[in-house]
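Undergrad: Structure provided below as structure tokens; questions to follow.
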Amino acid sequence: MTTNQPVLHGLHHVTAVTAKAQANLDFYTKTLGMRLVKKTVNQDDVSAYHLFYADAIGSAGSDLTFFDWAQTRPVKIGAGTVSETGLRVLGGEASLEQWGKWFDQQKVAHSSIETLSDRPTLAFQDGEGQHLRLIAETGSATEVHPWHGSPVPISAAIVGLGSVSLTVDNVDATSNFLTDVLGFSNNESDSVLFETGPGGTGAQLRLHGSTQRGQDGAGGVHHVAWRVADSRELLDWQTHLESHGYRTSGQVERHYFKSLYFRIPGGILFEIATDGPGFAADGEDPEHLGEILALPPFLEPHRAAIEAGIKPLNYQPSTTSKS
Ligand code: ZN
């Protein structure tokens, strides 16, 4: 590790793929009660929605986002894929019991409560087989912004992303990259667990090996993004990665944040993204996030054509009248 090792401050967002945008919207906003904080289009393919689900204020570290690619074949989980995405809840095991009952009512496939890295967890899948896991914090978290649309009591609501699981063919090669280049620490007593920045559930990943090659697709994850504070830190990362011989995308203006993309050994796409400026950057009213199609300024002149090229989505935001 070099002396100028830059630091990743935890998970920023996870972007996954859906082939069924309407069912996806219903599942994440109604079944999981996350807030649709942005409905926009894929900036590289404006015929596809890009849907962002997060906490009440769209905090960095709480976004699970989806590209809507109706023609994509289903994911094959295996080496080279993100094999599971964690979602943090508060309230310990009691919260997971509430979620388990709700999932039973909603016919959502789920595991029994199991302990992973000293935390109670509950694995489940969305309608396309996306591998998800609720991870319960047992202590009290400092700053959380649960959305009042939660179908379980707000004390058990989803408050952010948790540990993601990566599956690769050569665990040692990926592990060395994580620790030596990205600055993760590897837990001594739990060898699959890696932590960055402040540590804790929102800054963790789990690394698994498989000889079975996987393939990205619908019901799978497209990339995992990690937090930095600002574009100066992002530039430090670009310099750092390129000085170690890794190719990057260079800085990309995503309007809601700035990004840098690169593939890690094992083939998974990583992104580093700035915390700001955030989802209010397009001037959308914080009370009404996600209700209209939001476009970054460079796409705004093409709004009529873009709106004509995407299918309408039926979305009833939960009202803010109850607290
Ligand atoms: Zn991203």
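None of the figures in this text is laboratory data; all of them are computed from the coordinates on show. Only a predicted model underlies this, so the values are computations on that prediction, with no experimental measurement involved. All Cβ positions, glycine included, derive from the backbone under ideal geometry; neighbour counts span all protein chains shown.
Undergrad: How do Trp102, Trp147 rank when sorted from fewest to most other Cβ atoms within 10 Å of their own Cβ?
TA: Exposure proxy ranking, most exposed first: Trp102, Trp147.
Undergrad: Scan the chain and hand back the longest stretch that contains none of the trypsin sites (Lys or Arg not before Pro) lying in DSSP loops with at most 14 other Cβ atoms within 10 Å.
TA: Working: sites that count: Lys107, Arg247, Lys322.
Here the longest run is 108-246.
Undergrad: Could you derive backbone 3J(HN,Hα) for the stretch 217-233 from the dihedral phi with the Karplus parameters 6.51, -1.76 and 1.60 (θ = phi - 60°), listing whole Hz in sequence and x where the residue is Gly or Pro?
TA: x, 5, x, x, 9, 8, 7, 10, 10, 10, 8, 10, 6, 7, 6, 5, 5
Undergrad: While we're on this one: In the neighborhood of Leu51, defined by Cβ-to-Cβ distances under 9 Å, what is the net charge if each Lys or Arg adds +1 and each Asp or Glu adds -1?
TA: So the environment of Leu51 carries a net charge of +1.
Undergrad: Shifting gears a bit: What are the ³J(HN,Hα) couplings of the stretch 305-310, residue after residue, when phi is run through the Karplus curve with 6.51, -1.76, 1.60 and θ = phi - 60°? Round to Hz, x for glycine and proline.
TA: Taking θ as phi minus 60°, the curve returns 5, 5, 5, 6, x, 10 Hz for the stretch 305-310.
Undergrad: 7 Å from Cα along Cα→Cβ at both Glu93 and His244: what's the point-to-point distance in nm?
TA: That separation, rounded to one decimal, is 3.9 nm.
Undergrad: With each pseudo-label sitting 7 Å past Cα toward Cβ, what's the Thr138-Ala23 distance in nm, one decimal?
TA: Those two pseudo-labels are separated by 3.7 nm.
Undergrad: Of the candidates Thr40, Thr81, Thr65, which one comes out as most mobile in a Gaussian network treatment of the chain with C-alpha springs shorter than 10 Å?
TA: Sorting by GNM fluctuation, first place goes to Thr40.
Undergrad: Gaussian network model of the chain, Cα springs within a sub-10 Å range: biggest mean-square fluctuation belongs to which of Gly245, Gly266, Gly91?
TA: Checking each option, the largest mean-square fluctuation is seen for Gly245.
Undergrad: List the residues whose amide H sits under 5 Å from the amide H of Gly209, counting only those 5 or more places along or on another chain, with H placed 1.01 Å from N in the peptide plane.
TA: Val168
Undergrad: Using helices alone, I'd like the mean residue ellipticity at 222 nm for the chain: each DSSP H run of four-plus residues gives -39500 (n - 2.57), total over residue count, nearest 500. Spell out each step's value before the answer.
TA: Details: 5 runs with 47 residues, N = 323.
Per the formula, -4000 deg cm²/dmol.
Undergrad: With θ taken as phi - 60° and the coefficients 6.51, -1.76 and 1.60, list the Karplus ³J(HN,Hα) couplings across the stretch 30-35 in order, rounded to whole Hz; mark glycine and proline as x.
TA: Once rounded to whole Hz, the list reads 9, 6, 9, x, 7, 8.
Undergrad: With springs only between Cα atoms under 10 Å apart, run a GNM on the chain and tell me which of Tyr246, Tyr49, Tyr28 wobbles the most.
TA: Tyr246
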